[in-house]
1. In the range 28-126, which trypsin sites (Lys or Arg not before Pro) fall in coil by DSSP and have 12 or fewer other Cβ atoms within 10 Å?
2. Evaluate the charge dipole of the chain about its Cα centre and quote only its size in Debye, nearest 20, assuming +1 on the Cβ of each Lys and Arg and -1 on the Cβ of each Asp and Glu.
3. At 4 °C and 1.567 mPa s, what whole-number value in µm²/s does Stokes-Einstein give for the translational diffusion of the range 35-186, with Rh from the Kirkwood sum over Cα pairs?
4. Please work out how many pairs of lysine residues in the chain are eight or more positions apart (or on different chains) and have Cα atoms closer than 30 angstrom.
5. Could you give each residue of the range 92-105 its phi-based ³J(HN,Hα) in whole Hz, using Karplus coefficients 6.51, -1.76, 1.60 with θ = phi - 60°, and x for Gly or Pro?
6. Take each complete run of DSSP H in the chain, measure how far its Cα atoms stretch along the helix's own axis, and keep only those covering 20 Å or more with mean Kyte-Doolittle hydropathy at least -1.0; list them.
7. Dividing the alpha-carbon Rg of the range 48-100 by 2.2 N^0.38 Å yields what?
8. Take every Cα pair under 8 Å in the range 212-279 that's 6+ residues apart, average their separations, divide by the length, and report that relative contact order as a whole percent.
Amino acid sequence: MTGTTTDLMMLLLASFGILFVLTLLGEVVRARQVLNYDNPILDTYQTRVKSWWAMVGLIGLALLSGKIGVMILFTFASFAALREFLTLTTKVRADHTSLALGFFAVLPLQYVFVGMGWQGLFTVFIPVYAFLLLPIVSALRGTPDRFLMRVAETQWGLMIAVYCVSHVPAMVTLNIDGYQGKSLMLIAFLVIVVQLGDLLEYFFGRRIGRTQIAPHLSPKTVEGVICGVLSAMFIGALLSGITPFGILGAAMMAGIASLVGMGGNLVFAAIKGDRGVKDWSHLIPGQGGLLDQLDSVIFAAPIFFQLTRLVWLP
């Protein structure tokens, strides 16, 4: 068993320990309630915690499987996320070819480039090449009706579901001095600090939050976001040993990733509000779709990747 595998096992056990504490906290609060009293806030909190028992286990198994396991997991995640996103968009027959190219050419090629470690290509493939090619394919079909809307929605879907998601496994391509062979730990670090920060933002926002950030979009509060980001920074500092950042650097990276992730949550809430839906899909019974569960990580991943690349790579 390698040192990285041992670290991942310890981190996985610690994550389960944190989830156990959060689960116990929810049960204690429920036990103190009046009998037969429904508390939707507590129900949502417990639902999120339960979903992360499964997700932490799944992501943990992928990390323990190494680079190939991570690539396979996030390739399927991108496919499911892209399907969820495009299901809510406007499409006509003229878009079928570009959609097929998006699913069966752009998506797999993006992950091939990530797997090969071609940073100069996978960081521009979708925002440059696919951005220009797919509208041409749609335009060749000769249907101008709502063309700009249709093209923009497809490109947004590829950026969110493929480009951003692919930057999570892209962490393994980072070759930082003194950190060789440990880049899988960056994925674990990102997912833990963002998701726990998001969960704690929800908890504190409902307990002490007073000032809503965007009342028509989300119940997020200024107080909840501050507590969530500070919590993520504290957790990041505690996990600094598995990163090349140092204590202060890990806290700052965790705080930035958490804050960007919360902003992404607001963006996704705005899109769902525009489409008049509560959840992206029913992939996870009672808990929405993949995009509902990973919206914060999706937004944070490319920022986290690029900051790590710019600051810590030689």
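1. Of the trypsin sites (Lys or Arg not before Pro), the ones in loops of the range 28-126 whose Cβ has at most 12 other Cβ atoms within 10 Å are ARG32.
2. That gives the chain a dipole magnitude of about 300 debye.
3. The estimated diffusion coefficient comes to 74 µm²/s.
4. Count of close lysine pairs: 10.
5. 10, 4, 5, 8, 4, 5, 5, 5, 4, 5, x, 6, 10, 10
6. Counting only whole DSSP H runs, the qualifying helices are 3-31, 40-65, 67-87, 184-208, 222-238, 246-275, 290-312.
7. The reported ratio for this selection is 1.55.
8. 28
None of the figures in this text is laboratory data; all of them are computed from the coordinates on show. The model shown is predicted, which means the values in this text are computed figures rather than measured ones. Heads up, the Cβs are rebuilt from the backbone with ideal geometry, glycines too, and the neighbour counts pull from every protein chain shown.
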